[in-house]
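Colleague: Pasting a structure here, questions to come.
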Amino acid sequence: MKTRLRSREQPIARIDEGSAAPEDPEVTDAMLAAIAEADLVVVADYGRRLTEQPAIRAALEAAAGRVPVVWDPHPRGAVPVPGVVVTPNLGEARGFTGVEGGGVPFADEAALRLLVDWRPAAVVVTMGAHGALLRTSADGLPLVASGPVVKDADVNGAGDRFASALAGSLGSGRLPSDAVQDAVLVTAGFLADGGVAVLEATAPVPMPGADHEALAVVERVRAAGGTVVATGGVFDLIHAGHARTLSAARALGDCLIVLLNSDESVKRLKGPERPIMTAADRVDLLEALEVVDGVIVFGEDTPVEAIKRVRPDIWVKGGDYNAATLPEAAVIREWGGRAVTVPFFPGRSTTRLAAAIQRVS
């Protein structure tokens, strides 16, 4: 049992009970059958000696030959069986390998060492706010997957959430590189929502996408008394005009949420040749911008319904809009928000940029 003491949402101490050296656990036929029949397996080794038992180890190694097996190792636990995906954090990787250092160079060196020592299918070294590093072989370059940084988070349970999300993603057929990125984003969403402090025993933790993460940002900013700013558009081929509008919008408050037209919505508004980039790519580009704190994709022709979900304090548009030509303005006023415009930069447009690319291609 782990009892956590917190003050003003900050963890200050943890009291562990039941940490004495365990006796040899019993291994039953039902346990072995459960492993043999599983579609995927997560080994959360807390050093309680179950993973030392030869029958369990044989069953797990056999399972790793047919389904994803994700093994979250423990400093007092058993060495993982070959063929599994191991997920040590930085501290654990240092203890298992003796490699010194920090950051990505250390994580990669430790992963390479564990590939030799443990013979896993893959090594994923979790690096906290810096994401996770994936190694499936000693050849080539490692993959580093990153996600949104969650400040002042209670990180208890983050490793468990990462391992379970990774297993679920691998079990659905995702490639290891995509599964690691999925797990990083899911873990960030878990922490942004409050982590273990808000879990209920009967409530599953959702697999968040961009919408979930954006709304979590809104909740945190609003709870802290900050100002939520939102803007919207297609953002197909992001250009200097977009960058200036987004920067100006972000300067008006404490977070900026972008409401993004879906691919179907863009086709209806712009014609069958658009969008040039899919919604997934447009989300990735926008989230990579430091001034953007979250993205929500909507399928309607106007962002009105999405605005109602966010309820921003300030709604920003670039260009020569006014209250009469902006359908969102009336909606914003329902909760006391304000619609504003920021300076328009002529000569920058996606249509002109796309035409120029076509001429030179």
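The values are calculated or read from the model by the stated rules, or taken from the named source; none is laboratory data. Keep in mind that what you see is a predicted model, and the values were worked out from it rather than measured. When we count neighbours, we look across all protein chains shown, and the Cβ atoms used for this are built from the backbone with ideal geometry, even at glycine. What goes into the accessible areas is simple: the full protein's heavy atoms, side chains included, and nothing from ligands, DNA or RNA. Shrake-Rupley method; radii C 1.70, N 1.55, O 1.52, S 1.80 Å.
Colleague: So, in segment 307-339, of the ones that are at pLDDT below 80 and open to solvent by less than 50 Å² (accessible area, probe 1.4 Å), which residue ends up nearest to ALA248 (Cα to Cα)?
Modeller: Step by step, filter segment 307-339, then rank; the result is GLY318.
Colleague: If we scan segment 269-281, do we find a residue that is of a type outside the set (Gly, Ala, Ser), under 20 Å from the mean Cα position of the chain (by Cα), loosely packed, with under 14 Cβ neighbours inside 10 Å and in a loop (DSSP other than H, G, I, E, B)?
Modeller: Scanning segment 269-281, I find at least one residue that is of a type outside the set (Gly, Ala, Ser), under 20 Å from the mean Cα position of the chain (by Cα), loosely packed, with under 14 Cβ neighbours inside 10 Å and in a loop (DSSP other than H, G, I, E, B), so the answer is yes.
Colleague: Please tell me if LEU215 is over 17 Å from VAL149 (Cα atoms), in contact (Cβ under 8 Å) with a residue 12 or more places away in the chain, open to solvent by 10 Å² or more (accessible area, probe 1.4 Å) and of a type outside the set (Val, Ile, Thr). Quick ask: steps written out before the conclusion?
Modeller: Working: over 17 Å from VAL149 (Cα atoms): no; in contact (Cβ under 8 Å) with a residue 12 or more places away in the chain: yes; open to solvent by 10 Å² or more (accessible area, probe 1.4 Å): yes; of a type outside the set (Val, Ile, Thr): yes.
Here the answer is no, as LEU215 does not meet what is asked.
Colleague: Same structure, new question: Identify the residue in segment 160-196 that is open to solvent by 40 Å² or more (accessible area, probe 1.4 Å), at pLDDT 80 or above and touching an Asp or Glu at 6+ places or on another chain (Cβ under 8 Å) and, among all such residues, is farthest from GLY65 (Cα to Cα).
Modeller: Checked segment 160-196; the qualifying residue farthest from GLY65 (Cα to Cα) is LEU185.
Colleague: Can you pull out the residues in segment 89-107 that are among the aliphatic types (A, V, I, L, M), open to solvent by 40 Å² or more (accessible area, probe 1.4 Å) and in contact with a Pro (Cβ under 9 Å, 6 or more places away or on another chain)?
Modeller: VAL104
Colleague: The conditions are (1) over 25 Å from PHE190 (Cα atoms); (2) in contact with a strand residue (DSSP E or B) (Cβ under 9 Å, 6 or more places away or on another chain); (3) modelled with pLDDT under 90, and ILE238 fails exactly one of them. Which is it?
Modeller: Result: ILE238 fails condition (2) only.
Colleague: If a residue must be assigned to a loop (DSSP other than H, G, I, E, B) and hydroxyl-bearing (Ser, Thr, Tyr), how many such residues does segment 1-50 contain?
Modeller: Residues that pass the stated criteria total 3.
Colleague: Does SER137 fit the bill of being assigned to a loop (DSSP other than H, G, I, E, B) and either of a type in the set (S, T, N, Q) or under 19 Å from the mean Cα position of the chain (by Cα) (or both)?
Modeller: yes
Colleague: Suppose we filter ALA111, ALA59, ALA64 for residues that are within 22 Å of LEU143 (Cβ to Cβ), in contact with a Leu (Cβ under 8 Å, 6 or more places away or on another chain) and crowded, with 20+ Cβ neighbours inside 10 Å; which single one remains?
Modeller: ALA111
Colleague: Further, regarding this structure: From the list ASP139, ASP117, ASP154, which residue is open to solvent by less than 60 Å² (accessible area, probe 1.4 Å) and either touching a helix residue (DSSP H, G or I) at 6+ places or on another chain (Cβ under 9 Å) or of a type in the set (Asp, Glu) (or both)?
Modeller: Every option except ASP154 fails the conditions.
Colleague: Six or more apart or on different chains, Cβ atoms under 6 Å: show the pairs whose first residue is in segment 287-300 and at pLDDT 90 or above and whose second is of a type in the set (Lys, Arg).
Modeller: If the second residue must be of a type in the set (Lys, Arg), the pairs left are VAL291/ARG250.
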